[in-house]
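The values are calculated or read from the model by the stated rules, or taken from the named source; none is laboratory data. Given the structure is predicted, the values throughout are model-derived calculations rather than measurements. Positions of Cβ are generated from backbone atoms using ideal geometry, with glycine treated the same way; all protein chains shown enter the neighbour counts.
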Amino acid sequence: MKAIPYGRQNITEEDIVAVVEALKSDYLTQGPRITEFEINFSKYIGAEYSVAVSNGTAALHLAVLALGLKPGQKVITTPITFAASANCVRYCGGEVVFADIDPDTYLIDIESVEKILANSTPNEFAGIIPVDFAGRSVDLEKLRNIADQYNLWIIEDACHSPGGYFIDSNRDRQLCGNGKYADLAVFSFHPVKHIAAGEGGMISTNKEDLYKKLLQLRTHGIVKNDSIYINNPSFACGEESEDYPGWYMEMQELGYNYRITDFQAALGNSQLKKADTGLVRRKEIAERYYNAFKNQDFILGQSGVIEGHAYHLYVIEVKERLGLYNYLRTQNIYAQIHYIPCHLMPYYRDRGWKEGDMPNAENYYKNCISIPMYPTLTNEEQDFVIEKINQFYNS
Ligand SMILES: *Cc1c(COP(=O)(O)O)cnc(C)c1O
């Protein structure tokens, strides 16, 4: 049996052809495939606008910048996430406030968020960054109601959940990143995520003003549009003139180079075509795991079979987690832990967080393990994983 990782990309001949075509074209970066990817992605998740960037972390950084976080303002997020969900606040000089997770869903606990805000002063908090952890969508409708009471923005970290959804109070499906309740949503195209572009990220929104701002921030804060220039045409020409010259552009804000390349967008586009079939397979795998483990007494909790779950990860909570992890490695099965609670990373401990602050997240961390979950995992491979897990506890 070859090595079985917890997650992996699925690159097909079609993907390779798409990338080679891009490489042979006139554009390596800032070409037509980027716009095409943005339009197709918007359609896929049901949002108005999307802006492709160099990675998911850049997407988070630009999202926070576009929403105008002021230094010292606070933003709430979950400790059970990849560090980037919190770090983007620090990039902008904001302070991260962690809210504990719900031990059943592993998502940010909305009641904890409410409690934090109930004790806040006006303008102390600027926003909330909920994470659709493992692929399960946060109830953004509930979170929006709370955010509105305190005048907060919401950035949905949907890096785990393209194609996922939750059911709102009207019994309607709300696709992750569709922009109905969150101001902005971010995605990643790192190889372990649903859609691989090598590196890559996307920010989606229904708000035109934010969309335009994001486009500007992605490219150094530079604009090229006669109707919005601040300097006058004579300055721009270097002589008396009523019109701007062809070369003119303006840097109006401090932006970054967070562009994605055209050949990465080609890969993203090609991968997007397979996203739905990948999702179907992920659900099948989840159902097989759930049924295999539901009556096992070493299982303390698991991702389960949840409508709208995109199953980026399949998490089980188990007894003797360390032993299982090490045993699986001897069997060439590479499980992973998602995540070490972010508030207990040394960087955030230095900012005042300590053990005991997030009891549910800390307790979850003691038992959680992500077992192999990716569309090309075969039934045979999955059965081998299940067999080895059972074997560890029964020997
Ligand atoms: C992967 C990931 C990111 C960051 O994406 P990169 O493309 O790796 O920068 C952010 N948040 C979550 C929840 C992620 O899983």
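Taken over the range 1-49, the criterion of being out of contact with any strand residue (DSSP E or B) (no Cβ under 6 Å at 6 or more places or on another chain), assigned to a loop (DSSP other than H, G, I, E, B) and small (Gly, Ala, Ser) is satisfied by ALA3, GLY7, SER25, GLY31.
Note on the range 191-207: among residues that are under 18 Å from LEU313 (Cα atoms) and either of a type in the set (Val, Ile, Thr) or more than 12 Å from the ligand (Cβ to nearest atom) (or both), the one that is modelled with the highest pLDDT is ILE195.
Looking across the range 174-190, the residues that are more than 16 Å from the ligand (Cβ to nearest atom) and not aromatic (Phe, Trp, Tyr) come down to GLN174, LEU175, ASN178, GLY179, LYS180, ASP183.
Looking at the structure I just gave you, is VAL186 touching a Cys at 6+ places or on another chain (Cβ under 8 Å) and either outside any strand (DSSP E or B) or surrounded by 17 or more Cβ atoms within 10 Å (Cβ to Cβ) (or both)? Answer is yes for this residue.
Checking each residue in the range 222-252 for being out of contact with any Phe, Trp or Tyr (no Cβ under 9 Å at 6 or more places or on another chain), hydrophobic (A, V, I, L, M, F, W, C) and part of a helix (DSSP H, G or I) picks out ILE228, PHE235.
The one condition from (1) under 30 Å from ASN332 (Cα atoms); (2) within 16 Å of the ligand (Cβ to nearest atom); (3) not in a loop (DSSP other than H, G, I, E, B) that ASN87 does not meet is (1). Quickly run through the range 367-395 and pick out the residues that are buried (at least 16 other Cβ atoms within 10 Å of the Cβ) and of a type in the set (Ser, Thr, Tyr). Across the range 367-395, the qualifying residues are SER370, TYR374, TYR393. Only a single criterion out of (1) of a type in the set (Gly, Ala, Ser); (2) without any contact (Cβ under 8 Å) to a residue 40 or more places away in the chain; (3) under 24 Å from CYS368 (Cβ atoms) is not satisfied by ALA3, namely (2). The strands (runs of 3 or more DSSP E) falling completely within the range 107-173 that include 3 or more residues that are more than 16 Å from the ligand (Cβ to nearest atom) map to 165-167.
For every residue, the table says whether it meets (1) away from the ligand (no atom under 13 Å from the Cβ); (2) buried (at least 22 other Cβ atoms within 10 Å of the Cβ).
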position: THR29; (1), (2): yes, no
position: ALA47; (1), (2): yes, yes
position: ALA59; (1), (2): no, yes
position: LEU67; (1), (2): yes, no
position: GLN73; (1), (2): yes, no
position: ILE76; (1), (2): yes, yes
position: ASP100; (1), (2): yes, yes
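Among the residues of the range 15-27, those identified as closer than 19 Å to PRO191 by Cα and surrounded by fewer than 16 Cβ atoms within 10 Å (Cβ to Cβ) are ILE16, VAL17, VAL20. Of all the numbered requirements in (1) at pLDDT below 95; (2) in contact with a Pro (Cβ under 7 Å, 6 or more places away or on another chain), PRO122 misses one, and that requirement is (2). For the range 252-309, the tally of residues that are more than 27 Å from ARG218 (Cβ to Cβ), among the hydroxyl-bearing types (Ser, Thr, Tyr) and surrounded by fewer than 20 Cβ atoms within 10 Å (Cβ to Cβ) stands at 2.
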